[in-house]
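Notes to accompany the following structure.
The values are calculated or read from the model by the stated rules, or taken from the named source; none is laboratory data. Treat the numbers as computed from the prediction; the structure is a model and nothing was measured. Using ideal geometry, Cβ is built from the backbone for each residue, glycine included, and neighbour counts are taken over all protein chains shown.
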Amino acid sequence: KTVKVKVPGTTANCGPGFDSLGIACNLYNELELTLHKKGKLVIEIMGEGAQNIPCDGRNVVWKSIQYLLHRANVEYQGAYIKMLNRVPLSRGLGSSAAAIVAGLTAANYAIGNRFTSQEIFVMATDIEGHPDNVAPAIFGGMTLSILRKDGEPECLSFFPKIDLQLIVTVPEFSLSTKAARKVLPVVVPLKDAVFNVGRAALLVGALCEGKTEFLKHAFEDCLHQPYREKLIPGMYDVFAAAGENGALGAAMSGAGPCLIAFTEKNGDTIGTAMVAAFKEHNVKAKYLLLTIDK
Ligand code: HSE
């Protein structure tokens, strides 16, 4: 039989919540899967990044499908996979998490839902290496995720009481997460950790209580963005342009290079200003006006 799944793109970190906060966006990749006991692998890809995604055994969706089938102890040699991608590739919007979660979820449906969402989450985190993009891709809304001391991920998903618009500026160039993690220090000063702990807590508290007035400083970060600034020309100028045009805050989306601003209104004005600020630094960009996936 053929199964179909739809998985959201995601934005991780949200400023202070490095490797722990994430949001599912209303931008979706669609996947259609038919498994065959025998036969070959056929992959058709349409949309974002179609030319750059391998259509053979190296494909991440297929690898994730095989991962789950192996866990379930069943074997299928072939498959027909059809993907429609809307999440831009390698831009910090969780395209790899979306591919992994789509593969795992579709394979799980295909074999009769043998695994729970938590089990899918454990597998997805194992493949991706960190939980903050796969968590919202699986559970939706805004997610707080941790890795327990035994290595198993845990996630709390909630819907903010503030109707946030997400303005995502997408620069023309891509940036690999690996490269963006390489520039991070192994140890950070205690005062920087304190700076972030307070803001991450304030951000979640304000969103849960619907208190917009506390968001002004809640998106700030000093654990990863200052080190990654050099990878994204004009980053802090783009943040400033968002702020000057009424955004509540702005941050790198995941490991970048997308930059995201948060607001309750005037999303188009803010997006236009952010794109213009990028242009000042010779970076061609567009913006997407998104909301939280429900
Ligand atoms: N939290 C991860 C990072 C997200 O910032 O490296 C990568 O998509």
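Mind listing whichever residues of segment 165-221 are within 17 Å of Leu93 (Cα to Cα) and away from the ligand (no atom under 15 Å from the Cβ)?
Listed by number, the residues that qualify are Gln165, Leu166, Ile167, Thr169, Pro171, Glu172, Phe173.
Tell me which strands (runs of 3 or more DSSP E) are completely within segment 131-208 and hold 2 or more residues being surrounded by fewer than 18 Cβ atoms within 10 Å (Cβ to Cβ), or say none if there are none.
Where strands (runs of 3 or more DSSP E) fall fully within segment 131-208 and carry at least 2 residues being surrounded by fewer than 18 Cβ atoms within 10 Å (Cβ to Cβ), they are 142-147, 153-158.
Looking at Leu231, Leu166, Leu147, Leu175, which is the one that is closer than 24 Å to Leu68 by Cα and within 19 Å of the chain's Cα centre (by Cα)?
Only one candidate passes the filter, namely Leu147.
Could you check how many residues of segment 104-130 are within 16 Å of the ligand (Cβ to nearest atom), buried (at least 24 other Cβ atoms within 10 Å of the Cβ) and among the β-branched types (Val, Ile, Thr)?
Adding up the residues that qualify gives 1.
Please go through segment 45-66 and give me each residue that is touching a residue at least 12 places away in the same chain (Cβ under 8 Å), of a type outside the set (D, E, K, R) and part of a loop (DSSP other than H, G, I, E, B), ordered by number.
Listed by number, the residues that qualify are Gly49, Ile53, Cys55, Gly57, Asn59.
If you take the residues of segment 1-39 that are polar (S, T, N, Q) and under 22 Å from Phe159 (Cβ atoms), which of them is nearest to the ligand (Cβ to nearest atom)?
Asn13
Please enumerate the residues belonging to segment 104-130 that are in a helix (DSSP H, G or I) and charged (D, E, K, R).
Matches in segment 104-130: Glu119, Asp126, Glu128.
Restricting attention to segment 67-103, and to residues there that are within 16 Å of the ligand (Cβ to nearest atom), outside any loop (DSSP other than H, G, I, E, B) and not hydrophobic (A, V, I, L, M, F, W, C), which single residue is surrounded by the most Cβ atoms within 10 Å (Cβ to Cβ)?
Among them, the one singled out is Ser95.
Among the numbered criteria (1) more than 15 Å from Pro171 (Cβ to Cβ); (2) within 16 Å of the ligand (Cβ to nearest atom); (3) within 22 Å of the chain's Cα centre (by Cα); (4) not acidic (Asp, Glu), which single criterion is violated by Cys258?
(1)
Inspect all residues belonging to segment 231-244 and state whether any of them is assigned to a helix (DSSP H, G or I), within 19 Å of Leu89 (Cα to Cα) and out of contact with any strand residue (DSSP E or B) (no Cβ under 8 Å at 6 or more places or on another chain).
Looking for residues that are assigned to a helix (DSSP H, G or I), within 19 Å of Leu89 (Cα to Cα) and out of contact with any strand residue (DSSP E or B) (no Cβ under 8 Å at 6 or more places or on another chain), one finds at least one in segment 231-244, hence yes.
So for segment 66-77 (the condition being among the aliphatic types (A, V, I, L, M) and either under 29 Å from Tyr287 (Cα atoms) or in contact with a Cys (Cβ under 8 Å, 6 or more places away or on another chain) (or both)), does at least one residue qualify?
No, segment 66-77 contains no residue that is among the aliphatic types (A, V, I, L, M) and either under 29 Å from Tyr287 (Cα atoms) or in contact with a Cys (Cβ under 8 Å, 6 or more places away or on another chain) (or both).
On the given criteria, is Glu119 over 23 Å from Ala251 (Cβ atoms), in contact with a strand residue (DSSP E or B) (Cβ under 8 Å, 6 or more places away or on another chain) and without any contact (Cβ under 8 Å) to a residue 12 or more places away in the chain?
no
Does Ala251 satisfy the criteria of being more than 16 Å from the ligand (Cβ to nearest atom), crowded, with 23+ Cβ neighbours inside 10 Å and either at pLDDT 95 or above or under 15 Å from Leu93 (Cβ atoms) (or both)?
Answer is no for this residue.
Would you mind telling me which numbered condition in (1) surrounded by 14 or more Cβ atoms within 10 Å (Cβ to Cβ); (2) within 22 Å of Pro136 (Cα to Cα); (3) over 21 Å from the mean Cα position of the chain (by Cα) Ile292 fails?
Answer for Ile292: the failing condition is (3).
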